[in-house]
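Asker: One structure, pasted below without further comment.
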Amino acid sequence: MAEEYEPKIVGFMCQWCTGTAADMAGTARMQYPPNIRPIRVMCSGTVDPVYVLRAYLDGADGILIGGCHPGDCHYVSGNYKARRKIAILKSVLNTLGLEDDRVMARWISAGEGKKYADTVTEFTKEIKEKGPNPIGEVRSI
Amino acid sequence: MAKRAILEVSEGQAEVALRAFLKQLLDNNVVEALLVPQVVEGGKNVAQGLVTAGDSLDRADPLAPVMPVNSARIVSAMTKKSPPSRKMAIVLRPCELRALVELVKLKQASLENIVTIGVDCFGTYSMNKYAEKAASSSSATQEFLNKASEGNGDADLRMVCQICEYPVPLTSDLTIGLVGLDANKGILVEANTPAGEEALEKLGLGGGDELAQKREAAVSRLLADRRKKAEEFLEQTRKEVSGLDKLVSIFSTCITCHNCRTACPICYCKECFFDSPTFEMEADKYLRQADKRGAIKMPTDTLLFHITRMNHMGVSCVGCGSCEEACPNDIPVAKLFRLVGADLQKLFEYVPGRSLDDELPLTTFREEELTQVVED
């Protein structure tokens, strides 16, 4: 039963920027790996670490967070707050010796459809090389 | 204005001298109420007491080496709805005061109409250990102070106390100074703010400049020593807890009772996310969770709870260790959260409770920062 490992990537993308970029990539028929499960949020600032951790501990192999570029947030400062929350999340994971590079965040604006496709391609490749998230096997979670 | 004062201690009874001082605060109308640790009936414990009558200070013992509850929780419970209409003094340990400052910044407590009296802290014992010591000696406080002044350390003290980097109050109006001094001979009271100076002035107290210098020098030495101990301990802890296997093992005895969260002075959410309808899951949802792995421990979401809590309150963790004291299964949560907290606080150069003017890391931001976290 040698199933080849196909990473499961969960993506939190803000409606106004990254989400629109994802739509743009779609309408332009840009090719990128289908491993990502996109979740639309209104703003990257609304991504509470618990959502990312839920995915991570459920065995998601990679989690991608996308938001507007600093200064361009539709809600003015949501992405700045997101950056701090992500910094905290990565620090906590790092301290605990968990793979913090399974969580990636990138600023992708509405017109950067290609950047979105490239990011997903790049991240999926990285996660594929890393192997499956070992947490996925742990029963006492 | 009086910057400091000496409290005379006779017959080596430091707590008697302190009681007299506190009574003076009430008698001279500096304050009308006091929150001060008191020996509880039976003598097995010393818990915070809210005192409104000067005659009821007979059991006050703020130097007793035990902290059943982080007093910040008590002050928050009292002042969250509204500040007291009577002026009040609260006697706290440095970690309690730091937690309280965080809670004030989080708008969960108020310092209005309150005079803070911080006490130099040599550490505390677990409640059971304290009860043991109280049972086998005429004055556990006295013995503890003697041991502390010998300066050889006390292995019975809680670990978080032995590595505490902030054993002296940072923001109090008044400080009961003990470090580097012999509490059997005299206790130093330092005024750190105009409110503190006013209080000493009203009581007509003074003196203590020499003792203050002695204490200052001793505090510097103590802080340097503690910083070193903390660094060593945290690095050792990092090796012990780092990695998925170790993490799972540490929390394998967690029963998700959430007592650590209840005891934590910083965790203030009226409805914790983990008590919300999100976690009222249907049976089939649990079954689908189990499908993912073949089998899941029940109750589940244990690691999710702890790691989320670290994310939510880690920046404000003052390392008081109440979490570990409250754990029914002695899981080393305190040292884990202390380690996580230390890394977070270093990231933001933040010291929880250092000042009311320090902005909470999660409520502010800089336009240019943390570029290594999010790629552009």
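Asker: Would you call B:Leu63 buried (at least 21 other Cβ atoms within 10 Å of the Cβ) and either in contact (Cβ under 8 Å) with a residue 60 or more places away in the chain or farther than 19 Å from B:Ile114 by Cβ (or both)?
Answerer: yes
Asker: Test of understanding: among A:Arg54, A:Arg29, A:Arg40, which residue is on the phi > 0 side of the Ramachandran plot and modelled with pLDDT of 95 or more?
Answerer: Exactly one of A:Arg54, A:Arg29, A:Arg40 is on the phi > 0 side of the Ramachandran plot and modelled with pLDDT of 95 or more, namely A:Arg29.
Asker: Another one. Inspect all residues belonging to the stretch B:285-304 and state whether any of them is closer than 27 Å to B:Ile163 by Cα, within 14 Å of chain A (Cβ to nearest Cβ) and aliphatic (A, V, I, L, M).
Answerer: Yes, the stretch B:285-304 contains a residue that is closer than 27 Å to B:Ile163 by Cα, within 14 Å of chain A (Cβ to nearest Cβ) and aliphatic (A, V, I, L, M).
Asker: Which ones in the stretch A:36-76 are among the hydroxyl-bearing types (Ser, Thr, Tyr) and either within 8 Å of chain B (Cβ to nearest Cβ) or in contact with a Lys or Arg (Cβ under 8 Å, 6 or more places away or on another chain) (or both)?
Answerer: A:Tyr56
Asker: Could we say that B:Phe274 is surrounded by 19 or more Cβ atoms within 10 Å (Cβ to Cβ) and either aromatic (Phe, Trp, Tyr) or under 28 Å from B:Met127 (Cβ atoms) (or both) here?
Answerer: no
Asker: Looking only at the stretch B:9-48, how many residues end up being free of Cβ contacts under 8 Å to residues at least 12 places away in the same chain and acidic (Asp, Glu)?
Answerer: 2
Asker: Consider B:Leu181 against the criteria (1) touching a Lys or Arg at 6+ places or on another chain (Cβ under 7 Å); (2) within 19 Å of B:Val69 (Cα to Cα): it satisfies all of them except one. Which criterion is unmet?
Answerer: (2)
Asker: Being under 28 Å from B:Glu197 (Cα atoms), among the aliphatic types (A, V, I, L, M) and surrounded by fewer than 24 Cβ atoms within 10 Å (Cβ to Cβ) is the filter here, so list the residues in the stretch B:115-145 that pass it.
Answerer: Those that are under 28 Å from B:Glu197 (Cα atoms), among the aliphatic types (A, V, I, L, M) and surrounded by fewer than 24 Cβ atoms within 10 Å (Cβ to Cβ): B:Val115, B:Leu145.
Asker: Name, by its number, the condition in (1) surrounded by 19 or more Cβ atoms within 10 Å (Cβ to Cβ); (2) over 22 Å from B:His306 (Cβ atoms); (3) in contact with a Gly (Cβ under 8 Å, 6 or more places away or on another chain) that does not hold for A:Ala28.
Answerer: Of the numbered conditions (1) surrounded by 19 or more Cβ atoms within 10 Å (Cβ to Cβ); (2) over 22 Å from B:His306 (Cβ atoms); (3) in contact with a Gly (Cβ under 8 Å, 6 or more places away or on another chain), the odd one out for A:Ala28 is (1).
Asker: Same structure, new question: Name the pairs whose Cβ atoms lie under 9 Å apart, with the first residue in the stretch B:354-376 and farther than 27 Å from B:Leu100 by Cβ and more than 7 Å from chain A (Cβ to nearest Cβ), the second of a type outside the set (D, E, K, R) and in a loop (DSSP other than H, G, I, E, B), and 6 or more positions between them or separate chains?
Answerer: Between residues of the stretch B:354-376 that are farther than 27 Å from B:Leu100 by Cβ and more than 7 Å from chain A (Cβ to nearest Cβ) and residues that are of a type outside the set (D, E, K, R) and in a loop (DSSP other than H, G, I, E, B), the close pairs are B:Glu368/A:Pro70.
Asker: OK, next. Residues A:Ile65, A:Ile88, A:Ile141: which one is touching a helix residue (DSSP H, G or I) at 6+ places or on another chain (Cβ under 8 Å), under 13 Å from B:Val374 (Cβ atoms), of a type in the set (Val, Ile, Thr) and not in a helix (DSSP H, G or I)?
Answerer: The conditions single out A:Ile65.
Asker: B:Ala342 versus (1) farther than 21 Å from B:Ala109 by Cα; (2) in contact with a Leu (Cβ under 8 Å, 6 or more places away or on another chain); (3) crowded, with 22+ Cβ neighbours inside 10 Å: which is the lone unmet condition?
Answerer: All conditions are met except number (3).
Asker: To continue, here is another question. Among the residues in the stretch B:245-264, are any loosely packed, with under 15 Cβ neighbours inside 10 Å and aliphatic (A, V, I, L, M)?
Answerer: yes
Asker: Go through B:Ser71, B:Ser56, B:Ser76 for me and flag whichever is among the polar types (S, T, N, Q), without any contact (Cβ under 8 Å) to a residue 12 or more places away in the chain and not assigned by TED's automatic domain parsing to the domain that holds B:Cys267.
Answerer: B:Ser56 is the lone residue from the list that is among the polar types (S, T, N, Q), without any contact (Cβ under 8 Å) to a residue 12 or more places away in the chain and not assigned by TED's automatic domain parsing to the domain that holds B:Cys267.
Asker: Could you look through the stretch B:315-338, keep only residues that are out of contact with any Lys or Arg (no Cβ under 6 Å at 6 or more places or on another chain) and among the aliphatic types (A, V, I, L, M), and pick out the one that is nearest to B:Ile255 (Cα to Cα)?
Answerer: Residue satisfying both the conditions and the ranking: B:Ile331.
Asker: While we're on this one: Filter the stretch B:284-331 down to the residues that are over 27 Å from A:Ser91 (Cβ atoms) and of a type in the set (Val, Ile, Thr) and list them by number.
Answerer: B:Ile296
Asker: Can you list the helices (runs of 4 or more DSSP H) found entirely within the stretch B:160-271 that contain at least 3 residues being more than 14 Å from chain A (Cβ to nearest Cβ) and touching a residue at least 24 places away in the same chain (Cβ under 8 Å)?
Answerer: In the stretch B:160-271, the matching helices (runs of 4 or more DSSP H) lie at B:194-203, B:209-241, B:259-263.
Asker: On to the next question. B:Asp343 - would you say it is more than 10 Å from every other protein chain (Cβ to nearest Cβ) and either of a type in the set (Ser, Thr, Tyr) or without any contact (Cβ under 8 Å) to a residue 12 or more places away in the chain (or both)?
Answerer: No.
Asker: For the stretch A:78-136, enumerate the residues that are facing another protein chain (nearest Cβ under 7 Å), crowded, with 20+ Cβ neighbours inside 10 Å and within 15 Å of A:Asp61 (Cβ to Cβ).
Answerer: A:Leu98, A:Ile135
Asker: Of all the residues that make up the stretch A:58-77, how many are crowded, with 22+ Cβ neighbours inside 10 Å and more than 11 Å from the chain's Cα centre (by Cα)?
Answerer: The qualifying residues number 2.
Asker: Kindly provide the set of residues from the stretch B:305-328 that are β-branched (Val, Ile, Thr), within 12 Å of chain A (Cβ to nearest Cβ) and touching a residue at least 24 places away in the same chain (Cβ under 8 Å), ordered by number.
Answerer: Selection gives B:Thr308, B:Val315.
The values are calculated or read from the model by the stated rules, or taken from the named source; none is laboratory data. The model shown is predicted, which means the values in this text are computed figures rather than measured ones. Glycine also receives a Cβ, built like all others from the backbone with ideal geometry; neighbour counts cover every protein chain displayed.
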